[in-house]
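The structure appears right after this line, and notes come after that.
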Amino acid sequence: MKIVSSEMKNVLPTAHLKILNAAVDLSQQMDTDLYLVGGCVRDIMLGLNESEFDIDLTGSSIDRGFATTLAEKLNGAVTSSSVFGTHKLSVPVGLDNNLEIDLARCRSETYKNPGALPDVDSGDIFQDLDRRDFSIAAMCIVLRSPKNQGWQYGQLIDPHCGYDDLINKQLRVLHKNSFIDDPTRMFRLIRYSCRLGFDIEESTRKTFESSVNWVTNISGDRVRHELEKIFEEKEVGLILYTCVKLGLLPAFFTELSCDHLKEFRDMLYSDSLDQDRVEFWLGLFAINADKTQLEYLSQTLNLSSKQNNVINDLCALNEQLKQNEESLVADNLKRSDIYKFLLGYNLTAIRICAATTSNKSIKTLLEIYLNSLINTNLYLSGEDLISLGMSKGPEIGELLNDLLYAKLDGQLESADQEIQFVKDHIFNLKDGINLD
Ligand code: ATP
């Protein structure tokens, strides 16, 4: 028997331990067994206390009432509930931080059709662990024992020998149909293997190889969802590289070559991508695509309009960069020329070109645009131009553009110089009547 309550104390932040205590109190009141499951158990057993923990709880009698009462006790709220008896809670921890808790009734799953969602039924904790993807994810920690077991708080339940696999740093599926039942597990396998630095156990690798073509049985939405999770990983480049190397992405994208993704093997998660992370990485799939392949990518993954905009702009920009390569690398190219050329293209598309072009001069000018030109602002506004004597109308916009181009080219450095530029312009308009 393995009791891991001291590992829990060592690894889990105090806020998490408080949440677990509240859940245990409630499980006593509501008389249900209760377990900590999922990645949190894996990370506790690995002693990974630097990661951000999700809390994933399961128990045979967990229901909406349990979820609502726990949320109330923790000053949080139930944010969603599903027909499968799963509930998501959001609870405040610290000043402006919220933690997500997943609560679920123990369940069993059966797969009638490969790649389709399973039929779900109530079950006990063993059935709940049996339905999981890898042995290291099929362990749980007892928070409250069922009456017929006499387990202790903190006891590790490990029917599939996941702890041994953790020690041996390997990922192992629970049965040979695992990837056929749910081909998304192949993406998960590679993601965890790269994240944790774990090997793929030998029979699991064989199972992977013989199941890889089943990936076409899953919907584009589910694959996109798996890709989105990959884009959140630190080793995103390595994961995509491995997905190509092991034939998973080529098996799914039958009409789009993914080979070029191998070149991005060393690319890591970047905070700077922020809201456009998914678009950036999806864009990398499209850098060599022609129009038909773009359409294919968009339909296969059911891309959003924001995502489509990026890949379409990327394709158009690549084309324009090729066509204008000579003039863009010319010595007399002004900063305002770069600005005029790139203005209007989606910024993420430009970022993708900057990250992937092999032409150093083009890379430099794209970076100048992203890091400097688009952040250049005038001191004067349209209102200021009117106060200086310009009449309302389209000329205001044109003059603001001219001002900006002059500023980009280093001709205007101060507000006074901008004012003088406008006065000179008005003077020229009025055929030489100086307003000074
Ligand atoms: P992390 O959040 O660190 O990526 P996790 O293991 O908690 O890891 P989740 O995707 O939150 O990942 O899944 C929670 C648990 O649900 C997993 O540990 C696993 O046991 C189970 N699980 C998730 N997806 C699947 C799947 N496709 N097939 C089988 N079990 C799954």
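The values are calculated or read from the model by the stated rules, or taken from the named source; none is laboratory data. Just so it is clear, the structure is predicted and the values come from calculations on it, not from any experiment. Heads up, the Cβs are rebuilt from the backbone with ideal geometry, glycines too, and the neighbour counts pull from every protein chain shown. Heavy atoms of the whole protein, side chains included, go into the accessibility calculation; ligands, DNA and RNA do not. Shrake-Rupley method; radii C 1.70, N 1.55, O 1.52, S 1.80 Å.
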The chain: most fluctuating residue of LEU17, LEU314, LEU284 per GNM, C-alpha cutoff 10 Å | LEU17
Might you report the magnitude of the Cβ-based charge dipole of the stretch 6-83 about its Cα centre, with Lys and Arg at +1 and Asp and Glu at -1, to the nearest 20 debye?
-> 120
Calculated from backbone phi, Karplus (6.51, -1.76, 1.60) coupling profile of the stretch 33-48 in Hz, x at Gly/Pro | 6, 8, 9, 8, 10, x, x, 4, 5, 4, 6, 4, 5, 8, x, 8
Where a Cα-Cα gap under 22 Å defines reach, which lysines qualify for LYS112, not counting those fewer than 8 residues away within the same chain?
-> LYS176
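In square angstrom, what is the accessible area per residue of the stretch 382-430 with a 1.4 angstrom probe?
Details: 2810 Å² over 49 residues.
Roughly 57 Å² per residue, with all protein chains present.
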In sequence order, calculated HN-Hα J values of the stretch 228-237 (Karplus, 6.51, -1.76, 1.60; Hz; x Gly/Pro) = 4, 5, 5, 5, 8, 7, 4, 8, 4, x
Take the alpha-carbon centre of the stretch 296-321, take the same for the stretch 174-195, and report the distance between them in whole Å.
-> 29
Fraction of alpha-carbon pairs in the chain farther than 35 Å apart, rounded to whole percent, equals 47
Residue-by-residue Karplus 3J(HN,Hα) for the stretch 130-145, coefficients 6.51, -1.76, 1.60, Hz, glycine and proline x = 5, 7, 8, 6, 10, 4, 6, 9, 10, 10, 9, 10, 6, 9, 8, 6
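Pull out a ≥ b ≥ c, the square roots of the eigenvalues of the alpha-carbon gyration tensor of the stretch 359-436, then state rounded if a/c is under 1.5, prolate if not and a/b is larger than b/c, and oblate in the remaining case.
On the way: a/c = 2.63, a/b = 2.44, b/c = 1.08.
Prolate.
Nearest 500 deg cm²/dmol is fine: what mean residue ellipticity at 222 nm does the chain get from its DSSP H runs of n ≥ 4 alone, each adding -39,500 (n - 2.57), divided by its residue count? Can you show the working numbers first?
On the way: 22 runs with 217 residues, N = 436.
The per-residue figure over the chain is -14500 deg cm²/dmol.
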Taking the stretch 189-347, how much of its Cα-Cα pair set, in percent, is spaced more than 23 angstrom apart?
-> 45
Ranked by GNM mean-square fluctuation in the chain (Cα springs under 10 Å), the top entry among ASP271, ASP313, ASP182 is ASP271
Which whole-number percent is the relative contact order of the chain (Cα, under 8 Å, 6+ apart)?
-> 9
What order, most packed first, do the peptides 153-166, 89-102 have when packing is the mean number of other Cβ atoms within 10 Å of each residue?
-> 153-166, 89-102
Highest-fluctuation residue, LYS112, LYS245, LYS423 considered, GNM on the chain with Cα pairs under 10 Å | LYS423
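What percent do you get for the relative contact order of the stretch 178-310 when only Cα pairs under 8 Å and 6+ apart count? Walk me through the intermediate numbers first.
Values: 135 pairs, mean separation 31.8, N = 133.
After rounding, I find 24 percent.
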Candidate lysines for bridging to LYS169, where Cα separation is under 27 Å - those fewer than 8 sequence places away on the same chain excluded = LYS2, LYS9, LYS206, LYS229, LYS234, LYS245, LYS262
For the stretch 178-310, give the percent of accessible area contributed by carbon and sulfur heavy atoms, probe 1.4 Å, rounded to a whole number.
-> 42
What ranking of MET30, MET139 comes out by heavy-atom accessible area, probe 1.4 Å, highest first?
-> MET30, MET139
Those lysines that a straight Cα-Cα span of less than 22 Å connects to LYS423, excepting residues fewer than 8 apart in one chain | LYS392, LYS407
Counting only the heavy atoms of the protein chains, how much of TYR269 is accessible to a 1.4 Å probe, in Å² to the nearest 10?
-> 80
In whole percent, the fraction of accessible protein surface over the stretch 2-168 that belongs to carbon or sulfur atoms, probe radius 1.4 Å, stands at 46
